[in-house]
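The values are calculated or read from the model by the stated rules, or taken from the named source; none is laboratory data. On a predicted model such as this, the values are computed, not experimentally measured, just so you know. Here the Cβ positions follow ideal geometry from the backbone for every residue, glycine too, while neighbour counts run over all protein chains shown. Ligands, DNA and RNA are excluded from the accessible area calculation, which covers all protein heavy atoms including side chains. Shrake-Rupley method; radii C 1.70, N 1.55, O 1.52, S 1.80 Å.
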Amino acid sequence: MPPSTTDWMDKIPEAARSYIAGRRLDEVECIVSDIAGVARGKAMPASKFAKQASFFLPNSIFLQTITGDWADNPSGAFTEPDMILTPDFSTASAAPWTADVTLQVIHDVKDQQGQPVQAAPRNVLKRIVELYNAQGWSPIVAPEMEFFLVARNIDPNQPIIPPMGRSGRRAAAKQAYSMSAVDEYGKVIDDIYDFAEAQGFEIDGILQEGGAGQVEINLHHGAPVELADEIFYFKRLIREAALRHDCFATFMAKPIEGEPGSAMHIHHSVVSIETGENIFSAPNGTETETFLHFIAGMQTYLPAVIALLAPYVNSYRRYVPDFAAPINLEWGRDNRTTGLRVPLSDAAGRRLENRLAGMDCNPYLGFAASLACGYLGLMEKKLPRSECLGDAYMSEDDLPTNLGDALDILAECEPVREVLGVEFCNIYESVKRNEYKEFLQVISPWEREHLLLNV
């Protein structure tokens, strides 16, 4: 039976109820994340949503590439059967930038037999969390979001440039942690705070990063699915805040030539479901061997999931030396040159930071990929290489340097494919190989400038 308006309104978070309070709800956006992290779904009048327990979308939305093309279906037939989408009311969130009173609701995705659709990124992450839960563990993540505010760019042939600040000058690079640099686009930041508050999201802090117009937002730690939902929402709210002030927000890994790229650093810890204690710390506060097993899993399997953490051709432009991008699998305590960093913390907060993920990755898949590596390490109980005590930027690791190579490593790594789901991996690879093939057909300005008359 479909829920009554009263029934489902009672299930939504307090922030969503407060947003609606005293007003008539006009519209509900019923959404899911596709492979790229784009919101797909339907918008409907609130009165209709209240009368409908579920709705349908074709499974082909998970075969759509970032360019809007369609990848080949690895299973063969392309019949586009409908999937059943049901609302997860705990995700109901305001859309405070809209003219009407609107809510967004993320939906669960199942097939017509009631089984989770394996290609749905949110289901992939749920699958990984369930593997941890089956061992009596609960994974915890804390993400950092880096992005650029840039001038409006309506011609893809023109390079991206920084936005104009309130001083009338364009945002400058090399101003990390500068408060005056953040103030240059303070009105955008104000709207980000306001939108986040309306949506019930907690921001730990906002700071200026090293690039021109580059901002970092730190989020609180919590359960992976809930935090991935927040980042999924955050990307949209940040874009909307920027548009209000005549600029764009971009989550490209490397939008501006000569500037650093944007990462999504992921902090990981794991707690015992029974005791609530961090399994990375012993009762006396020292590191456990379990913590080292987690690090070893990262070192062993991260190359196989780079295709998820760096999902586009542009992603690999971030992996260059001397641009604060750790392109290695070294680990170290409080060492930001390592790809795997152990931050300063007390015993309860002991965690590992994966610094390889780009901000362009789908948050569900980024968390799933990183947690999958740690899970395999916990299962295999191997030890990592010795801690890196110096500058790891120049160390050499077998990390892929382009999307094609990254997909090849993913395709050949059976443990990762098994944990993430073979069907999902096949679909993901099909989508990404299609995108890579399209990119290789494009002739760049660099090629025209240097090769046209010289070779």
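A compact table of results
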| read-out | value |
| --- | --- |
| Residue list for segment 201-224, filter: among the small types (Gly, Ala, Ser) and modelled with pLDDT of 95 or more | Gly222, Ala223 |
| Given (1) of a type in the set (S, T, N, Q); (2) farther than 23 Å from Pro13 by Cα; (3) under 18 Å from the mean Cα position of the chain (by Cα), index of the condition Thr91 fails | (2) |
| Inter-residue pairs, beta-carbon under 7 Å, first among the β-branched types (Val, Ile, Thr) and in segment 282-294, second surrounded by 10 or more Cβ atoms within 10 Å (Cβ to Cβ), 6+ apart | Thr288/Ile279; Thr288/Phe280; Thr288/Ser281; Thr288/Ala282; Thr290/Ile279; Thr290/Phe280; Thr290/Leu378 |
| Number of the exception - Pro415 against (1) in contact with a Lys or Arg (Cβ under 7 Å, 6 or more places away or on another chain); (2) surrounded by fewer than 19 Cβ atoms within 10 Å (Cβ to Cβ) | (1) |
| When residues of segment 119-137 are limited to those that are out of contact with any helix residue (DSSP H, G or I) (no Cβ under 6 Å at 6 or more places or on another chain) and not in a helix (DSSP H, G or I), the one most open to solvent (accessible area, probe 1.4 Å) | Gln135 |
| Pair list, Cβ < 7 Å and 6+ apart or interchain, from segment 418-434 residues that are open to solvent by 30 Å² or more (accessible area, probe 1.4 Å) to residues that are not in a loop (DSSP other than H, G, I, E, B) | Glu429/Leu407; Glu429/Leu410; Glu429/Ala411; Arg433/Leu407 |
| Residue check, Leu453 more than 27 Å from Glu230 (Cα to Cα), modelled with pLDDT under 95 and aliphatic (A, V, I, L, M) | yes |
| Only listed residue being under 25 Å from Asp88 (Cβ atoms), in contact with a Phe, Trp or Tyr (Cβ under 7 Å, 6 or more places away or on another chain), among the aliphatic types (A, V, I, L, M) and surrounded by 17 or more Cβ atoms within 10 Å (Cβ to Cβ), chosen from Ala242, Ala198, Ala249 | Ala198 |
| Qualifying helices (runs of 4 or more DSSP H) (wholly inside segment 3-102; at least 3 residues being under 22 Å from Ala223 (Cα atoms) and either in contact (Cβ under 8 Å) with a residue 40 or more places away in the chain or not charged (D, E, K, R) (or both)) | 14-20 |
| All helices (runs of 4 or more DSSP H) inside segment 391-445 with 2 or more residues being over 21 Å from Val313 (Cα atoms) | 414-420, 422-440 |
| Condition broken by Pro116, with the remaining ones in (1) out of contact with any Asp or Glu (no Cβ under 9 Å at 6 or more places or on another chain); (2) free of Cβ contacts under 8 Å to residues at least 12 places away in the same chain satisfied | (1) |
| Per-region count, segment 41-56, residues more than 25 Å from Asp360 (Cα to Cα) and open to solvent by 20 Å² or more (accessible area, probe 1.4 Å) | 9 |
| Counted residues, segment 19-40 - those being modelled with pLDDT under 95 and either exposed (fewer than 13 other Cβ atoms within 10 Å of the Cβ) or small (Gly, Ala, Ser) (or both) | 4 |
